[in-house]
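Asks: The following block contains the structure, expressed as C-alpha cells.
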Amino acid sequence: MTSKIWGGRFKSATDAVLEAINVSIDFDKRLGLQDVRGSLAHVAMLGETGIVSRDDAAKIADGLERVKAEIENERFHFSRALEDIHMNVESRLAELIGPAAGRLHTARSRNDQVATDFRLYIRDQIDALDVELADLQLALATRARDEAASVMPGFTHLQSAQPVTLGHHLLAYVEMIARDRGRLRDARARLNECPLGAAALAGTSFPIDRAMTAHALGFDRPTANSLDSVSDRDFVLETLSAAAICATHLSRFAEEIVLWTTPQFGFIALSDKFTTGSSIMPQKRNPDAAELARGKSGRVIGALVALLVVMKGLPLAYSKDMQEDKEGAFDALDTLSLCIAAIAGMVRDMRVDRARMKAAAGAGYATATDLADWLVRALSLPFREAHHVTGRIVALAEARGVGLEDLTLEEMRSVEPRINADVCDVLGVEKSVQSRRSFGGTAPDNVRAAAQVWFDRLKDK
C-alpha cells in the first residue's frame, strides 16, 4: 500500500523515476511562507463559516504560526518524500497538533493552493523589484545631474551622429526603467485576484466565503472562474515579460559600459569593486560586472520563452506540466534583482573622463546638422538644400583633414557665398548641445530640470 497522502486508491509504490521527476520541494520550498499565509487565511474562513469548528480552527492556526516560525528561523525540515511544499507544511502541522490538521484541506485543492501561493510570491517579488529599480533610477538621475553639461558623442549605427551630454544619455535609461516599473505594476494589478476556493477545478460544495480569504491575503477580489483560477499562469508570463524587457534595457546599458571602458573609447573607468583582472595579462581590468549583467539577460528572456512553451499546448484545467512554472521564474527574478544591483553599483562607481568624451564628441563632423540648421535659419535655405550645401562643406573639411570649426570663412563661402561670420556661433560641440533646448532635448539646463523632476518623483519611492 502506498503511503502517499493522496494514495488511497493506489496499491503499490511509485517508480523511483517518477519520484525523481515528480518531486518539487527542492524548489517550491521557497513558497513556504506564502503557503502558510494562504493556509492561515483559509482556516480563518473555515472557522468563521462553521465548516470547521472554532476550536479546531484555532488549533490549526496556532500550529501554522509555529510552522511559520520554523521556516523563518530556518529550522523547518523539508522532506523530498512529501513531494511539495503543501504536503510538507501539512505533515509538519499534523506532527504539531495531531488529527485536527487533516481538516485544513477542506474545501481546497493543491491546484488552487499553489496558484494562490505563487501569486503571493510573484506579488512580493514585484514589490521588491520596484524598490530596487527606483534605487537604480535615483543613481542614474544623480549622475545625470552631475554630468548635465558633460559633452559626449551621440551615436546612431554606432557612428558619431550629434553631440549630446552624458547626463542626457543617462536619463534615457531612467525613462526606460520607468516603463519597466510601470509594466511590473500593471502585472501586479492584474494578478491581484485570489484563486483560493476554486478547489481542484470546479469550485466546492462547502459554503465558503471566497471574498473573506481574498481580502485577508490582500487581493482585490476572488477570481471569477474556477477553471481559469487553477489553469492560469498569465500572471507569471506577464511578470516574466516585463522582467525580460527590463533585463534587455540593463543589457543595453551594460554593453555601453563595456564599450566606454575600452581604451578605444576611454569615456569612463570602473574601480576595483566592479572589475577583475586576467590570469595571464597583468595590465587587464575587465568590466566583468557589466559583461555578466549583459549575459544574464539571456536567462531572464529564456525563462519567459520556456514558460510560454510549457503553457501553449495545455488544455483546461490543471496539468502537472505547470509545475515547470516555478524554477525558471525564481531564477529569472533573482537574476534580474542581481543585475539591477550590479548596474546601480557601476553607475555610482564609474569615473568619467570629460575631456576624452568632449574630444570624441567633435569627431566625425558631429556638428554638421547644426551647420545645416543655421543655413535654414540664417539664409532661409530649404532644409534639403541646406543638407546638400553642408555635405559639400563636410567633404571640403574632410579633404583638408580638419574639423568644420577649423575651416576658414572663405573656404565655406567657396561652397555657399552667403555664409557669414555668425556661423562660428554654432560649430562647437558645447554650443551644439546648448542649442538643443526643445522639450526632451540635450541642453544642459534641460537635463538639470529633467533630473530634478525625477528626484521629486523618486524621493518617496
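The values are calculated or read from the model by the stated rules, or taken from the named source; none is laboratory data. Predicted, not measured: the structure shown is a model, and the values here were computed from it. Note that we place each Cβ from the backbone using ideal geometry, even for glycine, and neighbour counts take in every protein chain shown. The area values use the complete protein model at the heavy-atom level, side chains included, leaving out ligands, DNA and RNA. Shrake-Rupley method; radii C 1.70, N 1.55, O 1.52, S 1.80 Å.
Asks: If I go through segment 399-424 residue by residue, how many of them are in contact (Cβ under 8 Å) with a residue 12 or more places away in the chain and over 17 Å from Ala359 (Cα atoms)? Full working, then the answer.
Replies: Here is the first cut: in segment 399-424, the ones in contact (Cβ under 8 Å) with a residue 12 or more places away in the chain are 403-405, 407, 409, 411-412, 414-416, 418-424.
Okay, now just the ones that are also over 17 Å from Ala359 (Cα atoms), so 407, 409, 411-412, 414-416, 418-424.
Total meeting the criteria: 14.
Asks: Taking only pairs six or more apart or across chains, which ones have beta-carbon atoms under 6 Å, a first residue in segment 171-193 that is on the phi < 0 side of the Ramachandran plot, and a second residue that is of a type in the set (Phe, Trp, Tyr) and modelled with pLDDT of 95 or more?
Replies: If the second residue must be of a type in the set (Phe, Trp, Tyr) and modelled with pLDDT of 95 or more, the pairs left are Tyr173/Phe253; Val174/Trp454; Leu191/Phe235; Asn192/Phe219; Glu193/Phe219.
Asks: Continuing with this model, one more query. Within segment 174-231, how many residues are in contact with an Asp or Glu (Cβ under 7 Å, 6 or more places away or on another chain), open to solvent by less than 30 Å² (accessible area, probe 1.4 Å) and farther than 13 Å from Arg108 by Cβ?
Replies: 6
Asks: In segment 232-256, which residue that is charged (D, E, K, R) and either under 30 Å from Glu291 (Cβ atoms) or outside any helix (DSSP H, G or I) (or both) is least open to solvent (accessible area, probe 1.4 Å)? Walk me through it before giving the result.
Replies: First pass over segment 232-256, keeping only residues charged (D, E, K, R): 232-234, 238, 252, 255-256.
Next cut, either under 30 Å from Glu291 (Cβ atoms) or outside any helix (DSSP H, G or I) (or both) only: 232-233, 238, 252, 255-256.
Details: Asp232: 18, Arg233: 3, Glu238: 56, Arg252: 139, Glu255: 67, Glu256: 41 Å².
Taking the candidates together, the pick is Arg233.
To keep it simple, each residue is scored yes or no on (1) out of contact with any Gly (no Cβ under 8 Å at 6 or more places or on another chain); (2) within 16 Å of Thr369 (Cβ to Cβ); (3) in a helix (DSSP H, G or I).
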site: Arg392; (1), (2), (3): yes, yes, yes
site: Leu396; (1), (2), (3): yes, no, yes
site: Ala399; (1), (2), (3): yes, no, yes
site: Glu410; (1), (2), (3): yes, no, yes
site: Pro417; (1), (2), (3): yes, no, no
site: Val423; (1), (2), (3): yes, yes, yes
site: Lys431; (1), (2), (3): yes, yes, yes
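Let's see how each residue does on (1) at pLDDT 95 or above; (2) open to solvent by 20 Å² or more (accessible area, probe 1.4 Å); (3) in contact with a His (Cβ under 9 Å, 6 or more places away or on another chain):
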{"position": "Ala378", "(1), (2), (3)": "no, yes, no"}
{"position": "Ala397", "(1), (2), (3)": "no, no, no"}
{"position": "Glu405", "(1), (2), (3)": "no, yes, no"}
{"position": "Ala421", "(1), (2), (3)": "no, yes, no"}
{"position": "Leu427", "(1), (2), (3)": "no, no, no"}
{"position": "Glu430", "(1), (2), (3)": "no, yes, no"}
{"position": "Asn446", "(1), (2), (3)": "yes, yes, yes"}
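Asks: Looking at segment 330-341, is at least one residue more than 22 Å from Arg252 (Cα to Cα) and either open to solvent by less than 30 Å² (accessible area, probe 1.4 Å) or in the same structural domain as Ala187 (by the TED database) (or both)?
Replies: Checked against the condition, which is being more than 22 Å from Arg252 (Cα to Cα) and either open to solvent by less than 30 Å² (accessible area, probe 1.4 Å) or in the same structural domain as Ala187 (by the TED database) (or both), segment 330-341 yields at least one hit.
Asks: Another one. Would you check if there is a residue in segment 260-268 being surrounded by 15 or more Cβ atoms within 10 Å (Cβ to Cβ) and outside any loop (DSSP other than H, G, I, E, B)?
Replies: yes
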